[in-house]
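Written below as structure tokens is the structure these notes are about.
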Amino acid sequence: MDIFWDFLNSTGFASMTLLHALMILIGIVFITLAITKHYEPLLLIPIGMGIIVGNIPYQAGTMPLSVYDQGSVMSYLYFGVSQGIFPPLVFLGIGAMTDFSTMLSNPKLVLLGAAAQIGVFLTFLGALWLGFSPAQSGSIGIIGGADGPTAIFLATQLAPELLGAIAIAAYSYMALVPVIQPPIMKLLTTREERLIRMAPPREVSRRERILFPIVAFLICALIAPASIVLIGMLFFGNLMKESTVTERLADNARNALIDIVTILLGFCVGASTKSEMFLTADSLKIFGLGALAFAIATAGGLIGAKLMNLFLKEKINPLIGAAGVSAVPDSARVVQMVGQEEDPNNHLLMHAMAPNVAGVIGSAVAAGVLWSVLGATTPEINQATEVSNSTDRMTQHVPSGTSGRVRQ
């Protein structure tokens, strides 16, 4: 009977709490949305299943099961997330499947990808206002880029304690692109603007396509050296694709490799959302700021397109500005959908892909800028905090009247 009762106490039922049940329900909701609504199923199904797996309760200290238990199998899988290994591999696959020719045929559309990054920096200021540290605020702000791998990579470098909440927020809003963006697009544009037709993109030569990843990498890396990991892998994958002499490598990068990494990344991110660490006030703030960041980024791209039209003889459809966020290719598809609601014969998908892929580059550069600035100051802040704490401890152990001399 003792063995039987010990077994009962070791089951998940004995340790189940309301918070565990709530997180498991969230995982089921993710899976349901992926299957019934087709909201980013390649992301939401691994994340949803990971959330369920990560929130099965067990007696702490008895078995190493969690991603946070040193030596557990899950901790080794999670190593690729916590150390920022998986995101660059995702960028390699994205580069190998991305066609930059639409952007090269109309280079001014790059400005729309840059305009959408306003969501990153305004959210950074909002997070500071809510009391997050500069490093944490930078990691939260990058959610506005609508790029899950970039958000994960920056969080691992600046705010690993918020990694789970930031990753879930980033991927959740990426999956909800068809829900979040259309109302903002219709609010900020008129029917006449949505009916604008754009000229077909010009033909881009093979030489241009080969030179672009090399030249673009050099420019981006010199502007923000901290972005070389993500940008370097993105343009390396694209060079393999465009060179046409490494098609076997490019094919593996955009198919087998990115699929494997996406499975592990999504599952491990979901498994990291233990209820006691995830269901906190800070997580709720991050989700609120993430929604705000995504809305501001979408609005920034739309307003940027409207401003450009003030100076252009050949007008662009402002809807394509919403694709300046780097949710590739979902934002471009949403632009196509909203445009065809007004005119079924107006095809905006290829035009929208230009700011969409520019947004991928823009979010990676923005992450590099934030890491360069905030990563350099974080150690100094931590060191100052440690010195201050040490001084406070010293003053607690000296006789009355001498604390002033100790502080001096």
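Annotations
- For peptides 255-263, 353-361, sequence by mean Cβ density within 10 Å, most packed first: 353-361, 255-263
- Placing one equal scatterer on every Cα of the chain and applying the Debye formula, the log10 ratio I(q)/I(0) at q = 0.12 Å⁻¹ is -0.96.
- Most fluctuating residue given options Leu292, Leu187, Leu125, as computed from a GNM of the chain linking Cα atoms under 10 Å: Leu187
- The label-point distance for Ile28 and Phe13, in a model that sets each label 7 Å from Cα toward Cβ, rounds to 1.7 nm.
- The calculated FRET efficiency for Thr62 paired with Asp99, based on their beta-carbon distance and R0 = 60 Å, is about 0.70.
- Phi-derived couplings, Karplus 6.51 cos²θ - 1.76 cosθ + 1.60 at θ = phi - 60°, listed residue by residue for the range 140-152: 6, x, 5, 4, x, x, 6, 10, x, x, 5, 4, 5 Hz, with x used for Gly and Pro.
- Full extension of the chain segment joining Asn255 with Leu128 gains 41.8 nm, where the gain is 0.36 nm per residue of separation less the Cα-Cα distance.
- With 30 Å as the limit on Cα-Cα distance, the pairs of Lys37/Lys241; Lys186/Lys313; Lys37/Lys108; Lys37/Lys285 that go past it are Lys37/Lys241; Lys37/Lys108.
- In degrees, nearest ten, helix 41-54 long axis to first principal axis of the chain (Cα): 0
- Neighbours of Asn106 by Cβ distance under 15 Å: Lys/Arg scored +1, Asp/Glu scored -1, total +2.
- A simple spin-label model places the labels of Ile35 and Val245 4.9 nm from each other, with each point 7 Å out along Cα-to-Cβ.
- The chain, relative contact order [Cα under 8 Å, separation at least 6], %: 27
- Against the chain, whose longest principal axis is taken from its Cα atoms, helix 281-309 shows a tilt of about 20°.
- Summing charges over all other residues whose Cβ lies under 11 Å from the Cβ of Asn238, with Lys and Arg as +1 and Asp and Glu as -1, gives +1.
Coordinate-derived values only; no laboratory data. Every value quoted in this text rests on a predicted model; they were computed, and no experiment measured them. Every residue, glycine as well, gets a Cβ built from its backbone with ideal geometry; the counts of neighbours run over all protein chains shown.
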